[in-house]
Amino acid sequence: MESNMSEQFVEIENFGLELLENVDMMMEPQHSHEEVSSQEVLILIEKVILEIVTSLSKDEAPVLVLPNRSSLSNVSFDKAVGLQMTSGSSVTTVRSNCSSSVTKFGHILKVLSTIYKLVQSNVYATKRDIYYNDTQLFGSQRTVDSIVDDISCMLKVPRRRLHVLATSKGFISGDLCYLEEDSTKVDCHSNSTATPVSSNVGGIRNIVSSAKFVLIVEKDATFQKLLDDDFCTKLSLCIMITGKGVPDVNSRLMVRKLWDTLRIPIFALVDADPYGIEIMCIYKYGSVAMSFQAHSLTVPSVMWLGLLPSDLQRLRVPEDALIPLTQRDQNKLTSLLKRPYLACQPAWQREMEMMQRSKVKAEIQSLASIAPDFLSRVYLPNKLRYGGWI
């Protein structure tokens, strides 16, 4: 058994060595302002307030200027970092004397006030806490989420340094132990239950693992299936993580943390459809909305393990397990193929063009139509043993 396990990891270990040789070229060091002190954060907020007071003293309507986080023109692509916000960004102006933006102006000031108190007293709060402090003012949780990200972008300070945390939706399991910031020990080895991803990934320390690789799993159902099959212990010495679909920031921070600490290969297991591919791209290259924090969120070394469109033909997945592409799928696929990072991923391009031609997609669960445990007993072990990633 031990011999089989060592054989299985030969390709992975070779790939890991290749990654380490190219690590300086593949990823730049983390330039984010993670090291900014609490005092510096307070000064940045005071500067914003001082500008507002100065405007009022001149009998002028105060204005807040925010980098535009939704504009593609503000984002450039660097294969060592992913999608990152450029320095000459176009901006959004939030005016206090304009009916369309005065509410947002008030929201920003309210959240800035809350952040100032949190940093000053060295206390952390979740975005949910901020919302429930004044639900009538904010109206929805989404408003608070967006405002916190706007402030983080405006001040150029990571959210954790603002003492604002987000509730995690992701789970992690496998060969991994670490300490939370409050010294709580977390052991992810359990075969039956997964560990929620920390809400304070930046505070994690003393990571200990003998894992050979990290497996990002798109869907919670697939993650649970692999957990039930004891994939991390019986079949592969690894760490599995899922963001349960489109990943939250904490799941992305955790994948980056594992890469920074362990420097082992990271593979993605997603549906063979445009939305699965897009989710994988978020882990690898980031998103436009969070491009201002690219250095702490992206992992350009992520490889596509499956489910590949070519796998559907190679494995002869039954036709009744395949799903026709909708017009929405086709539009998404066309959009993905135009993304700047696809130019440096010709193998990904070929797979996506194959999907375009076949006009079909498939979920990871479609492999169960071959055999109930085909994914964990055959597909993944063979992919890992023979280097079936791109």
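For the chain, relative contact order (Cα pairs under 8 Å, six or more residues apart, normalised by length) works out to 18 percent.
Per residue, the accessible area of the chain comes to 45 Å² when a 1.4 Å probe rolls over the protein heavy atoms. Take E181: with every protein chain present and a 1.4 Å probe, its accessible area is about 80 Å². Note that region 90-152 shows a convex hull volume over its alpha carbon atoms of 93 Å³ per residue.
Geometric descriptor of region 270-375, per residue, is 106 Å³ (volume of the convex hull of the Cα atoms).
Note on region 161-261: the C-alpha convex hull projects to 6.0 nm² when averaged across all orientations. Accessible area of the chain with a 1.4 Å probe: how many percent of it is carbon plus sulfur? Here carbon and sulfur together make up 51 percent of the probe-accessible area. Of the DSSP H helices in the chain, those with a Cα length along their own long axis of 20 Å or more and a mean Kyte-Doolittle hydropathy reaching 0.0 comprise 10-26, 38-57, 102-121, 141-155.
Can you give me the C-alpha center-to-center distance between region 348-377 and region 39-65, rounded to a whole angstrom? What the calculation gives is 54 Å, centre to centre. Taking S57, S335, S37 as the candidate residues, the one with maximal mean-square fluctuation in a Gaussian network model of the chain, Cα springs under 10 Å, is S57. In order along region 203-212, the phi-based Karplus estimate (6.51 cos²θ - 1.76 cosθ + 1.60, θ = phi - 60°) of 3J(HN,Hα) comes to x, 5, 9, 6, 6, 10, 7, 10, 4, 8 Hz; Gly and Pro are listed as x. Taking amide H positions as modeled 1.01 Å from N, with prolines and chain starts lacking one, the residues under 5 Å from L165 and 5 or more places away or on another chain are A125, T126, K127. Applying 0.36 nm per residue to the separation of E319 and V208 and subtracting their alpha-carbon distance, the gain on full extension is 35.6 nm.
By definition, a body whose alpha carbon gyration tensor gives a ≥ b ≥ c is oblate when a/c is 1.5 or more and a/b is not larger than b/c, and region 29-129 fits this oblate description.
Here R377 and L17 are evaluated by their C-beta separation; at R0 = 35 Å the FRET efficiency comes out at 0.80. Given 37 °C and 0.692 mPa s, compute D for the chain with the Stokes-Einstein relation, Rh being the Kirkwood radius over Cα pairs; round to the nearest whole µm²/s. D, rounded to a whole number, is 146 µm²/s. Assuming a ≥ b ≥ c are the square roots of the Cα gyration tensor eigenvalues, decide whether region 43-91 counts as rounded (a/c under 1.5), prolate (otherwise, with a/b larger than b/c) or oblate. Since a/c reaches 1.5 and a/b is larger than b/c, the shape of region 43-91 is classed as prolate.
Counting every pair of alpha carbons in region 85-243, the share spaced more than 23 Å apart comes to 52 percent. Placing unit charges on the Cβ atoms only, positive for Lys and Arg and negative for Asp and Glu, gives region 252-334 a dipole magnitude near 400 debye about its Cα centre. Is the shape of region 343-390 rounded, prolate or oblate, going by the alpha carbon gyration tensor and its root eigenvalues a ≥ b ≥ c, with a/c under 1.5 for rounded and a/b larger than b/c for prolate? Oblate. T143 contributes an accessible area of around 40 Å² to the protein surface, as traced by a 1.4 Å probe with all chains present. Proximity of backbone amide H atoms, modeled 1.01 Å from N, is registered between K361 and I323, L325 at under 5 Å, excluding neighbours fewer than 5 places apart on the same chain.
Residues S210, S152, S146, S99 ordered from highest to lowest accessible area at a 1.4 Å probe: S99, S210, S146, S152. Counting other Cβ atoms within 10 Å, which trypsin sites (Lys or Arg not before Pro) in region 249-328 have at most 15 and lie in a DSSP loop? Answer in residue order: R263, R316.
The values are calculated or read from the model by the stated rules, or taken from the named source; none is laboratory data. This is a predicted model, so every value here is computed, not measured. Heads up, the Cβs are rebuilt from the backbone with ideal geometry, glycines too, and the neighbour counts pull from every protein chain shown. Heavy atoms of the whole protein, side chains included, go into the accessibility calculation; ligands, DNA and RNA do not. Shrake-Rupley method; radii C 1.70, N 1.55, O 1.52, S 1.80 Å.
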